[in-house]
1. Specify which of the listed residues (A:187, A:157, A:181, A:147) is farther than 18 Å from residue A:77 by Cα and in contact with a helix residue (DSSP H, G or I) (Cβ under 7 Å, 6 or more places away or on another chain).
2. Go through the residues of the stretch B:132-145 one by one and say whether even a single one is more than 11 Å from every other protein chain (Cβ to nearest Cβ) and not in a helix (DSSP H, G or I).
3. Among the residues of the stretch B:180-190, write down those that are surrounded by 24 or more Cβ atoms within 10 Å (Cβ to Cβ) and at the interface with chain A (Cβ under 7 Å from one of its Cβ atoms).
4. Does residue B:69 meet the test of being at pLDDT 95 or above and either within 23 Å of the chain's Cα centre (by Cα) or surrounded by fewer than 18 Cβ atoms within 10 Å (Cβ to Cβ) (or both)?
5. Collect the residues in the stretch B:108-123 that are at the interface with another protein chain (Cβ under 10 Å from one of its Cβ atoms) and without any contact (Cβ under 8 Å) to a residue 40 or more places away in the chain, keeping them in residue-number order.
6. In the stretch A:23-44, is there at least one residue being more than 9 Å from DNA strand D (Cβ to nearest atom) and more than 26 Å from residue B:109 (Cβ to Cβ)?
DNA sequence: GTGGACGTACTAACCGGTCAGTCAAAAGAC
DNA sequence: GTCTTTTGACTGACCGGTTAGTACGTCCAC
């Protein structure tokens, strides 16, 4: 399971990614236009097209940019004990992104576009597989060490992803970040009942 | 907990709702236009505006139309035994909507618009509360009858909703309806571990 | 002959994307 | 070390196309 490709971004491109980030938070995905990105960028729309021919291309690059950060954050979770490692991983997947609630909203919008947009679908798919693999690894490792019950690690990882995705969706749709904390509790219960 | 208001639809309005339904399935929410609805309706765009002044108004009415059907489907679940009642309820919430996968996709798009669109948010919120109340009722009832453990019915209902929403989101985003079946299994495990 | 149910034709606002041309800095020529 | 040329990074104007919504005329049932 390879982590998503580490793409190179020039300084100007990184600035554009930040501008896209801001524009997304302010206007959401549906109302995201090249003009609004250009405004955040502080340049003309043609300047945006200078770096990326099409809007789709730019947004695909933006997802690469964003998902890289995410991968880095969950890769940083390292502990020896499988129980605490799994717990920290779930914490990371279900943290309240306080100031970035708006980005979570936009990200759900983009996820909902996956069926119509192959570059999006590819990237979300790859990110999902990577995260699921991380969970499955921790579980398998815990089983080998005798810390966990001998369960179907793949299924348990998938269940945890379902709980994570559910909590995130609910947090966005109902505008209630506490859905994340509730989801964290549900995940804990599921882990306790299944693995311990 | 009142069920969502039963709104009246004239024959022409019902036809328009069906046209909206078809247009949504064909083009998704983002690419849904009055023109496309009018095409499905078989009339001009002015004919659509004759019944609904704005697009927002029409779509709010459409959600009423759609969520009414959904409420009817889960209200139809009636059994005496709490275990089978809960099981049937979860089945209803996690069925594979075979030919209507496209509608599930569009519905997630609309749910993702809730933060920007109050009429949407209101309706999804109300629908969620209603469904959660149905789950909580079955659980509370089961506890009273001694069929379930004495748990926090509200929290368990919320957890099940999280699993349901997660399974639906995953089914759409990854274009994989089997995520629903997997979610159904996770829900069963959660019920078994928590209530029995 | 009046009122509801449209169709035709339109507008104003945007949209993504293109184009020709500008300008400073880098690269090369001598 | 200067002059010339090229290049990278842009701007402003503009294009064709699309959108929600409107104005107004018309047809038809009663």
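The values are calculated or read from the model by the stated rules, or taken from the named source; none is laboratory data. Here the structure is a predicted model, which is why all the values come from computation and not from measurement. Heads up, the Cβs are rebuilt from the backbone with ideal geometry, glycines too, and the neighbour counts pull from every protein chain shown.
1. None of the other options fit; the residue is A:147.
2. The answer is yes, given that some residue of the stretch B:132-145 is more than 11 Å from every other protein chain (Cβ to nearest Cβ) and not in a helix (DSSP H, G or I).
3. B:183, B:186
4. On the way: at pLDDT 95 or above: no; either within 23 Å of the chain's Cα centre (by Cα) or surrounded by fewer than 18 Cβ atoms within 10 Å (Cβ to Cβ) (or both): yes.
In short, no.
5. Result: B:111, B:112, B:114, B:115, B:116, B:121.
6. no
Here is a yes/no grid of residues against (1) within 14 Å of chain B (Cβ to nearest Cβ); (2) within 10 Å of DNA strand C (Cβ to nearest atom):
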| residue | (1), (2) |
| --- | --- |
| A:25 | yes, no |
| A:43 | no, no |
| A:50 | no, yes |
| A:65 | no, no |
